[in-house]
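Mind having a look at this structure? Questions to follow.
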Amino acid sequence: MITFLISLVVLVVGYVIYGTIVDRIFKPDDRVTPAMAHPDGVDYVPIKGWRAFLIQLLNIAGLGPIFGALSGAIWGPCVYLWIVFGTIFAGGVHDYLAGMLSLRHDGASISEVTGAYLGNGMKQVMRAFSVILLVMVGVVFMVGPAGLIALLTPESLNIKFWTLVILAYYFLATLLPLDKIIGKLYPIFGICLILMAVGVGAATLYHNDTRPMMEMTLENLHPANKPIWPLMFITVACGAISGFHATQSPMIARALTSEKSGRRIFYGAMVAEGIIALIWASAGIAFYYTTDGGLIKLLEAGGGNSTVVYDMSMKLLGPVGGLLAMIGVIACPITSGDTAFRSARLTLSDWFKLDQSNVKVRLALSAALLGVGYCISLIDYSVVWRYFSWSNQTLAMIALWAAAVYIARHVKAVYSLIAAIPAIFMSAVCSTYILIADEGFKIGSNIAYPVGLAFAVICGLLFIIKAFIPGLKGPVAAPVIEIKKRESKES
């Protein structure tokens with residue numbers, strides 16, 4: 001219990017102190033935001049700060065901090081360290097800079113922002129990478145909640161049925177203006193999500209005598225002895241750092257009315273997600289750990305999945321509380337899945353310069369994306385999740401490098417380390433994982449570890465040469481654009 005409470009306090013203090021440091025380095029000001037410069041009634045729609053926070057939280061949360069944290073908990077309490085310090089020094093920085101850079105580039109998608117600072121070649125890579133990732137995210141957050149709903153409904157209403165129902169909702173949320181469904185429903189779902197996390201956390205503390213929370217140990221408690229590095233750092237994903245968030249932040253960047261709300265909305269939502277992940281990881285360890293078998297029951301249950309969440313919710317909170325928790329867990333991924341497809345639409349529209357005020361264009365893009373998503377949903381869920389996790393962290397790595405270049409060019413080289421250091425770390429994680437994983441090259445750790453480390457070192461050295469050594473900086477990155485009001489079609 002002590003480790004959990006300390007971790008919780010560190011996350012809050014990290015938001016207050018380190019979040020402020022990052023905010024002061026970026027220097028938000030009173031410049032006009034895209035939503036105020038040219039609201040279009042579809043995507044550029046001004047919304048209030050508190051509503052933007054709840055929408056951002058639901059956009060980024062999904063099943064990641066629940067399923068991912070429960071799967072990461074199989075390694076034991078060492079997962080707390082990654083959730084806490086990953087959130088503060090990597091995830092929070094990543095989300096904040098991705099959102100703020102989009103703000104200063106007229107609400108551009110992360111692929112366009114990346115291209116401005118890492119070059120046209122990387123922009124093309126990120127465009128394709130972003131769309132593929134977003135569709136996979138939509139699939140993961142479509143099949144997952146469908147499985148949860150199927151547990152609560154008659155057997156005749158199976159997972160396939162609920163997948164189609166959710167798909168129909170996704171179509172409307174992807175197509176309609178931001179304030180029609182998302183702006184109205186998300187604040188309510190956001191409150192449900194927060195209450196659900198508080199309920200599970202409080203119940204775990206209450207049952208500490210019978211199901212005690214484990215205190216910190218660096219020992220690898222994985223029953224199958226899977227290595228902590230790099231597997232745990234990919235598995236937890238959304239609870240510490242997630243490239244998916246970089247694809248979601250531009251959606252809110254197009255709706256903010258002031259740059260100065262960025263820390264509270266972008267960095268703050270990531271810390272809130274870290275707290276959710278911490279609660280579920282600690283609850284999973286306490287719920288499934290036994291003195292004779294360790295965490296074997298959590299491994300046998302499959303880590304993070306619908307059955308585990310259902311079992312924990314009902315037994316920790318009882319039928320009524322468990323049902324409320326399940327509603328939160330169901331709403332959470334659905335409200336990330338719909339915005340994933342919406343972000344994919346926005347990315348494609350930025351890519352091919354498509355007018356999103358045209359209903360027929362939005363309809364065609366939405367239908368095509370959701371059709372592809374449904375086909376992918378027929379693939380084994382566990383396989384999609386593994387590829388999603390690696391793609392997710394790789395996108396985060398690239399976004400961090402783009403943010404580091406921005407700070408080096410437009411602020412000060414030494415300050416770019418707030419993004420460059422986590423970028424180097426994630427370069428090592430992602431390269432090592434794809435070399436060693438079953439869905440990757442299946443290379444032994446004696447080769448994968450040094451190669452992954454070497455890749456990260458090379459990336460770091462190249463950045464230092466470009467950013468710190470005079471005369472070797474290369475071409476200057478594209479300047480931050482000046483956001484101006486667009487002329488109306490009537491004029």
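Leaving out ligands, DNA and RNA, and with a 1.4 Å probe, what % of the accessible surface on the range 204-270 is carbon or sulfur?
Details: 1230 of 2320 Å².
Percent of accessible area from carbon and sulfur atoms in the range 204-270: 53.
What whole-number value in Å² describes the accessible area per residue of the range 200-304 for a 1.4 Å probe? Write out the running numbers ahead of the final one.
Details: 3450 Å² over 105 residues.
Heavy-atom accessible area per residue stands at 33 Å².
May I pose another question? Once neighbouring chains are kept in place and the probe is 1.4 Å, which whole percent of the accessible area of the range 79-153 is contributed by carbon and sulfur?
Ligands and nucleic acids excluded, carbon and sulfur give 72 percent.
Looking at the range 31-117, which trypsin sites (Lys or Arg not before Pro) are DSSP coil and have at most 14 other C-beta atoms within 10 Å of their C-beta?
Numbers: sites: ARG31, LYS48, ARG51, ARG104; in loops: ARG31, LYS48, ARG104.
For trypsin sites (Lys or Arg not before Pro) across the range 31-117 that sit outside H, G, I, E and B with at most 14 neighbouring Cβ atoms in 10 Å, the list reads ARG31, LYS48.
Can you list which of the DSSP-assigned H helices in the chain have a Cα extent of 20 Å or more along the long axis and an average Kyte-Doolittle score of at least -0.5?
Details: long enough: 2-26 (35 Å, 2.04); 120-152 (48 Å, 1.72); 159-175 (24 Å, 1.69); 182-206 (35 Å, 1.75); 268-288 (30 Å, 1.61); 306-352 (51 Å, 0.78); 359-377 (27 Å, 1.48); 381-410 (43 Å, 0.53); 417-436 (28 Å, 2.17); 445-468 (33 Å, 1.83).
Correct list, ordered by number: 2-26, 120-152, 159-175, 182-206, 268-288, 306-352, 359-377, 381-410, 417-436, 445-468.
Where does the longest stretch of the chain lie that holds no GluC sites (Glu not before Pro) found in a DSSP loop with 15 or fewer other Cβ atoms within 10 Å?
Numbers: sites that count: GLU155, GLU215, GLU219, GLU439, GLU482, GLU487, GLU490.
For GluC sites (Glu not before Pro) (loop position, at most 15 other Cβ atoms within 10 Å), the longest site-free span of the chain is 220-438.
Over the range 198-294, how many percent of alpha carbon pairs lie in each 10 Å bin up to the one with the longest distance?
13, 34, 29, 17, 7, 1
Per residue, how much accessible area does the range 1-99 show when a 1.4 Å probe rolls over the protein heavy atoms, in square angstrom?
With all protein chains present, the range 1-99 gives 31 Å² per residue.
Are any of the pairs LYS123/LYS226; LYS160/LYS297; LYS48/LYS160 more than 30 Å apart by Cα-Cα distance, and if so, which? Write down the numbers at each step before the final one.
Numbers: LYS123/LYS226 35 Å; LYS160/LYS297 28 Å; LYS48/LYS160 37 Å.
From the list (LYS123/LYS226; LYS160/LYS297; LYS48/LYS160), the Cα-Cα distance tops 30 Å for LYS123/LYS226; LYS48/LYS160.
Here's another thing I want to ask about it. If we count every other residue with Cβ under 10 angstrom of ILE60's Cβ, Lys/Arg +1 and Asp/Glu -1, where does the sum land? Mind showing how you got there, number by number?
Numbers: positive: none; negative: ASP95, GLU273.
Overall, the nearby charge balance is -2.
Something else about it: Report Rg/Rh for the range 1-87, rounded to two decimals, where Rg is the Cα radius of gyration and Rh the Kirkwood radius.
Values: Rg = 17.6 Å, Rh = 16.2 Å.
Result for the range 1-87 is an Rg/Rh of 1.09.
How large is Rg over Rh for the range 240-281, taking Rg from the Cα atoms and Rh as the Kirkwood inverse mean of 1/r across Cα pairs? Don't jump to the answer; show the numbers that get you there.
Details: Rg = 11.5 Å, Rh = 11.2 Å.
We get a ratio of 1.03 for the range 240-281.
The values are calculated or read from the model by the stated rules, or taken from the named source; none is laboratory data. Everything numeric here is computed off the predicted structure, so don't read it as measured data. Here Cβ is always computed from backbone atoms with ideal geometry, including for glycine, and neighbour counts include all displayed protein chains. Surface areas here come from the heavy atoms of the whole protein model, side chains and all, with no ligands, DNA or RNA. Shrake-Rupley method; radii C 1.70, N 1.55, O 1.52, S 1.80 Å.
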